[in-house]
1. Do we find a residue being in a helix (DSSP H, G or I) and farther than 19 Å from residue 168 by Cα anywhere in region 267-279?
2. As an exercise: evaluate residue 108 against (1) part of a helix (DSSP H, G or I); (2) touching a strand residue (DSSP E or B) at 6+ places or on another chain (Cβ under 7 Å); (3) more than 13 Å from residue 288 (Cα to Cα) and give the number of the one condition it does not meet.
3. Among 225, 206, 215, which is the only one that is assigned to a helix (DSSP H, G or I), outside the structural domain of residue 147 (by TED's automatic domain parsing) and within 31 Å of the chain's Cα centre (by Cα)?
4. Applying the selection to region 195-218, what residues are surrounded by 16 or more Cβ atoms within 10 Å (Cβ to Cβ) and over 21 Å from residue 259 (Cα atoms)?
5. Within region 243-257, identify whether any single residue is closer than 27 Å to residue 144 by Cβ, in contact (Cβ under 8 Å) with a residue 24 or more places away in the chain and in a loop (DSSP other than H, G, I, E, B), and answer yes or no.
6. Read through the list (1) more than 25 Å from the chain's Cα centre (by Cα); (2) part of a strand (DSSP E or B); (3) under 24 Å from residue 132 (Cα atoms), then give the number of the only condition that residue 163 fails.
7. Could you check region 147-163 and list, in sequence order, the residues that are at pLDDT below 90 and under 18 Å from residue 243 (Cα atoms)?
8. For region 166-177, give me the residue count where each residue is surrounded by 16 or more Cβ atoms within 10 Å (Cβ to Cβ) and outside any strand (DSSP E or B).
């Protein structure tokens, strides 16, 4: 049988108040009801959480360990209820969203019309930046970040993950041929990023490592610029699926070295600072994006 929220509340209330009687008064239940809830919880966990003495109740070692988990679950439920209550209000005001230009163009922009119809009083301000920004300095409410997060002081919500592939246009392949081995890439025009260098580590298996560090023949700061160069047959590029799904489906870009390419997926997170005045707008935007984003496009 599954543990219920009622049982967790009974347990934490007894611990906080110091007695079953006080917990019953606090929760508006009978003492027998609280006692039965505790008994059910201990039976389900197959352990003793509270040691009953003549004067008071004391946590056992197992009870002390379980208490933190119980509090986390209760807090999560309370936060969920709070968010739902906020979304039932009419959200209004300015919401500043920042993302790299490719993600803004290929993922966020297609959702804007539906979002504005659903939340007409939220004034969206969409900004693009190819570098990681400081949310406070740039007066940004939500930033979409692609890749591993470094800052643990801000809140993050995972939107999905996008696979990386090595691609070239049919025109490039017709002129220069397709590399059959990873080592042959050095004979081709490679399109890469100006910075950071980590974006020039391609997910290709080699005898030495599980990535292939390229020296770009032509470098750009924007993934969208690199995509346009690849589409025009300039060179070979590494890009995420969310940028190239239509290109691959229509045959404008072709995946290369498929067997050597590792299944590497970049996490995509929405990051923000908790702000009670913005909570409604942030929650509604992230809920809408999460519900309407096509996972197949990532």
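The values are calculated or read from the model by the stated rules, or taken from the named source; none is laboratory data. These numbers come from a predicted model, not from an experiment. Note: ideal-geometry Cβ built from the backbone for every residue, glycine included; neighbour counts use all protein chains shown.
1. Within region 267-279, one or more residues are in a helix (DSSP H, G or I) and farther than 19 Å from residue 168 by Cα.
2. (3)
3. Just a single option satisfies the conditions, and that option is 225.
4. 216
5. yes
6. (1)
7. If the condition is that a residue be at pLDDT below 90 and under 18 Å from residue 243 (Cα atoms), then 147 is the only one that fits.
8. Going through region 166-177 one residue at a time, the tally reaches 2.
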